[in-house]
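**Student:** Pasting in a structure now, in structure tokens, and then I'll have a few things to ask.
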Amino acid sequence: MDARLNEFTVPQFTAVAAPPPPGEAVVSLRDFTRRFGENTIISGLDLEIGAGEFVVLLGRSGSGKTTLLRTLAGLDPVEGQDVTVPSSRAVVFQDARLLPWKKVWRNVALGLKGADSRDAAQDALQEVGLGHRLEAWPLTLSGGEAQRVALARALVREPQLLLLDEPFAALDALTRLRMHELVLSLWRRHRPAVMMVTHDVDEAIALADRVILLDGGRIVAQERITAARGAERAGIAAPLRQRLLSALGGVVEERPADVVALHAGARP
Amino acid sequence: MSGLTQLTKSLGRTVGGARWLSPLVLLAVLEAGSRAGLIPERTLAAPSKVLATLWSMIVSGELADNLWVSSLRIIAGLVIGVSVGVVLALVAGLSRQGEVAVDPIMQIKRTIPTLALTPLFIVWFGIGETPKIALIAFASIFPVYLNLYSGIRGVDLRLLEGARSLGLSRAAQVWHVILPGALPSLLVGLRYSLSISVLVLVVAEQINASAGLGYLINNARDFMRTDIILVCLMIYAGLGLAADGLVRAIERRALVWRPELVPA
């Protein structure tokens, strides 16, 4: 079994030409443009995300990926553009952004209505393996624990769209792998559409149904990965990784310094 | 033998590092000076005399009565001043128009030393309780206002954005994020207000008081009773300490989430 690989350059790419997303689209952007003063961050971007689809947005620093995520999260105004996002959505940021003056379960239950919000928070925390830290103060949590609480806080709302903004970038390698497992199992159980922003190519390959490469505010390539996650996917990872990196502008084997530059956000 | 040297050493360390030692020595010197007649009583009463006076004033109820009168003035003034300060800080901190309307006036107010208003307040409010309470209230507005206002403006924007991304309304954001985030600053302001209120009390009670700590001091001055004056100074110091302890107690309860207060 091999991955079905489609590579698009900007002029060729249209929503029609893209492989049809599984299920109905929950996110839809048409010709979306975002400017800050003179700077155009995102220009003429078309994007659809299907219900339950796991999309990873890959790009170097300054490529517009966080701006795109903030738009989908409703944190930035869209000013009458053609943007459709579900009303139930939740964000997990790189820093967990827990309110330090609320106990863990109250952070998870923040904004929930009804008398059973504590039970809902407890269930969500048990799902992320933190059922025993309900009454803890956020500042006593480790980085990984805080990020798991943030995941529970997002999932307790049963969002149709889950947005992850480099959620594991600040974690150590081992914790990051565990978090990948956790995110996948939560995603399988709750089936939200996921859009995750990262600059880690391996993370993208391990998690995504579809990888979108963003550069200069445009989608420069997309890869749909149909291979099952885990061992099967590991077999096709090397060429895929190579292709993604070269699309990002770094030639890996000959000039390894560019990979470093890529992660530092510099253009080769 | 070595045990003895060790004991002397550790004793030396305890005494040498003790911060209570020098005040005690000072008291002992004062006491000795008074007994030897070097310090006349009309200059400074002996520490033992001050303690005896304190005791007799406690027993007679004179101290409690006057302390109560003074405390009521502080409490009334603080309740008014802190409430006004909190309301103004919320108005200025939470809305741009509020800031434009309130902040310039507060900055002007800040440049006027409160105690300089005493003559004006006497003209307005007479010489009863009102000018005393008004002075304390007026003085305690600003520390609360300034600290709470900057606390609100200094709330972590990332936390606010996180709450917004969860769909919290503006009111819910204020209640769950902004106000708890500004609480430590409010408590700092409260601590300043409390100590300023004691300071203003001292001056305010010089206005024709017929009861209160200031009245006791004025009377004692007329009769050159330095012992009573010293007792009142001790009480003022005690009021300051109690005010500080009160805010600390509030902080311990309200800020249990802070890392230095959270047991590991």
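The values are calculated or read from the model by the stated rules, or taken from the named source; none is laboratory data. Note that the structure is a prediction, hence the values are computed from the model and not measured. With ideal geometry, Cβ positions are generated from the backbone for all residues, glycine too; neighbour counts draw on all protein chains shown. Surface areas here come from the heavy atoms of the whole protein model, side chains and all, with no ligands, DNA or RNA. Shrake-Rupley method; radii C 1.70, N 1.55, O 1.52, S 1.80 Å.
**Student:** State, in angstrom, two size descriptors of the protein assembly as shown derived from its alpha carbons: Rg to one decimal place and Dmax to the nearest whole number.
**Tutor:** Just the Cα atoms of the protein assembly as shown yield Rg and Dmax of 33.9, 107 Å.
**Student:** Over the Cα atoms, compute the radius of gyration (one decimal) and Dmax (the largest Cα-Cα distance, rounded to a whole number) for segment B:50-261, in Å.
**Tutor:** 20.5, 70
**Student:** Also: What is the Å³ per residue value for the convex hull set by the Cα atoms of segment B:120-159?
**Tutor:** So the per-residue Cα hull volume is 58 Å³.
**Student:** Rounded if a/c is under 1.5, else prolate if a/b beats b/c, else oblate: with a ≥ b ≥ c from the C-alpha gyration tensor eigenvalues square-rooted, which is segment B:161-262?
**Tutor:** Prolate is the answer for segment B:161-262, as a/c is 1.5 or above and a/b outweighs b/c.
**Student:** Let me ask something else. Need one number: % antiparallel among DSSP beta bridges in the protein assembly as shown, to the nearest 5.
**Tutor:** Taking every DSSP beta bridge with both residues in the protein assembly as shown, the antiparallel ones total about 50 percent.
**Student:** Same structure, new question: When the Cα atoms of segment A:92-227 are enclosed in a convex hull and the volume is divided per residue, what value in Å³ results?
**Tutor:** Cα convex hull per residue, to the nearest whole number: 120 Å³.
**Student:** Okay, next question. What is the distance, in nm, between label points placed 7 Å from the Cα along the Cα-to-Cβ direction at B:Leu26 and at B:Gln107?
**Tutor:** Inter-label distance under the simple model: 4.1 nm.
**Student:** Now a separate question. Only helical DSSP H runs with n ≥ 4 go in: add -39500 (n - 2.57) per run for the protein assembly as shown, normalise by residue count and round the 222 nm mean residue ellipticity to 500 deg cm²/dmol.
**Tutor:** Helix contribution divided over all residues of the protein assembly as shown: -18000 deg cm²/dmol.
**Student:** Mind giving me the nanometre distance, one decimal, between the label points for A:Ser142 and A:Leu75, set 7 Å out from Cα along Cα→Cβ?
**Tutor:** 2.6 nm
**Student:** Still on this structure: What base-10 log of the normalised intensity I(q)/I(0) is obtained for segment B:94-139 from the Debye formula, alpha carbons as equal point scatterers, at q = 0.17, 0.18, 0.26, 0.29 Å⁻¹?
**Tutor:** -0.58, -0.62, -0.87, -0.97
**Student:** With angles folded into 0 to 90 degrees, how steeply does helix B:62-94 sit against the dominant principal axis of chain B? Use alpha carbons for both and round to 10.
**Tutor:** 20 degrees
**Student:** Say each of B:Met224 and A:Gln242 gets a label point 7 Å from the Cα, pointing the same way as Cα to Cβ; how far apart are those two points in nm?
**Tutor:** 10.6 nm
**Student:** Check cross-link reach from B:Lys132 to the lysines: straight Cα distance under 25 Å, and skip same-chain residues fewer than eight apart.
**Tutor:** Within reach: B:Lys109.
**Student:** How big is the charge dipole of segment B:50-261 about its Cα centre, in debye rounded to the nearest 20, if each Lys and Arg gets +1 on its Cβ and each Asp and Glu gets -1 on its Cβ?
**Tutor:** It comes to approximately 620 debye.
**Student:** Here's another thing I want to ask about it. Determine the residues within segment B:137-167 where the difference in accessible area between the chain on its own and the full set of protein chains amounts to at least 50 Å²; count protein heavy atoms only and use a 1.4 Å probe.
**Tutor:** Those residues are B:Arg158, B:Leu159, B:Glu161, B:Ser165, B:Leu166.
**Student:** Just the C-alpha atoms of segment A:56-143: what Rg/Rh do they give, with Rh taken as the Kirkwood radius?
**Tutor:** My calculation of the ratio gives 1.05.
**Student:** So, one more: Could you rank A:His199, A:His132, A:His190, A:His180 by how accessible they are, 1.4 Å probe, largest area first?
**Tutor:** From most accessible down to least: A:His132, A:His199, A:His190, A:His180.
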